[in-house]
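Participant: Please find one structure pasted underneath; my questions will follow.
The values are calculated or read from the model by the stated rules, or taken from the named source; none is laboratory data. Given the structure is predicted, the values throughout are model-derived calculations rather than measurements. Note: ideal-geometry Cβ built from the backbone for every residue, glycine included; neighbour counts use all protein chains shown.
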Amino acid sequence: MVRLGGAVCAAAVLLVLLASCGNTDVNEFSDAFVGPRSSDLIASPSTNCALGRISPGDAVQISGFDFTPDSVVELRWIIEAQNDTGTWKSVLADSHGNMTAEVRITRKIARPGDLLTLQAQGEGASGLMMLAVELEVAKCGQPGSETRS
């Protein structure tokens, strides 16, 4: 063991030994492991609300990437405060692993004041991958509401 100023540095020595034990190339396995990956789902609402807000009835284009090419991507919505969730029709990722879909936020799904999470779930390079975005549901275009300029 090595002592520096009274502190034991055994963990650092052990880490160096484990990194070089039986492996002449430390990066040999790091290139093979790709994930887990979690990222944001990109949402582009067609709304007059301020950024990050939507109104019931708005359409939202959602986009994600890094899915397995030509794989099925499930689309769902979640309102955690109400313990409520549902799904839209699944879509296929393109030959590059990208997906884009348009979903409509109906009043049955969300009401003003709800925090709505949109998710896209499918296979990625390291297994199951979920992309998500949160949007606040508001009464946009009404007196006292925030609108885009």
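Participant: Within the stretch 36-76, can you find the residues that are among the small types (Gly, Ala, Ser), closer than 14 Å to LEU131 by Cα and not in a loop (DSSP other than H, G, I, E, B)? Please lay out each step first, then the result.
Facilitator: Applying the first criterion (among the small types (Gly, Ala, Ser)) to the stretch 36-76 yields 38-39, 43-44, 46, 50, 52, 55, 57, 59, 63-64, 71.
Right, trim to closer than 14 Å to LEU131 by Cα and you get 38-39, 43, 63-64.
Answer for the stretch 36-76, where residues must be among the small types (Gly, Ala, Ser), closer than 14 Å to LEU131 by Cα and not in a loop (DSSP other than H, G, I, E, B): SER39, ALA43, SER63, GLY64.
Participant: Still on this structure, I have one more. For residues that are over 26 Å from SER71 (Cα atoms) and small (Gly, Ala, Ser), tally how many sit in the stretch 81-119.
Facilitator: Here the count works out to 3.
Participant: Next question. Which of the residues belonging to the stretch 83-94 are surrounded by 11 or more Cβ atoms within 10 Å (Cβ to Cβ) and either touching a residue at least 24 places away in the same chain (Cβ under 8 Å) or more than 18 Å from ARG107 (Cβ to Cβ) (or both)?
Facilitator: If the condition is that a residue be surrounded by 11 or more Cβ atoms within 10 Å (Cβ to Cβ) and either touching a residue at least 24 places away in the same chain (Cβ under 8 Å) or more than 18 Å from ARG107 (Cβ to Cβ) (or both), then SER90, VAL91, LEU92, ALA93, ASP94 are the ones that fit.
Participant: For the stretch 113-149, which residues satisfy the criterion of being part of a loop (DSSP other than H, G, I, E, B), at pLDDT below 90 and under 20 Å from THR47 (Cβ atoms)?
Facilitator: Taking the stretch 113-149 first, the residues part of a loop (DSSP other than H, G, I, E, B) are 113-114, 125-126, 138-146, 148-149.
From the residues that got through so far, the ones that are at pLDDT below 90 too are 125-126, 138-146, 148-149.
Once the filter is applied, which keeps residues that are part of a loop (DSSP other than H, G, I, E, B), at pLDDT below 90 and under 20 Å from THR47 (Cβ atoms), the stretch 113-149 yields ALA138, LYS139, CYS140, GLY141, GLN142, PRO143, GLY144, SER145, GLU146, ARG148, SER149.
Participant: To continue, here is another question. Among the residues in the stretch 96-119, are any surrounded by 14 or more Cβ atoms within 10 Å (Cβ to Cβ), free of Cβ contacts under 8 Å to residues at least 24 places away in the same chain and not hydrophobic (A, V, I, L, M, F, W, C)?
Facilitator: no
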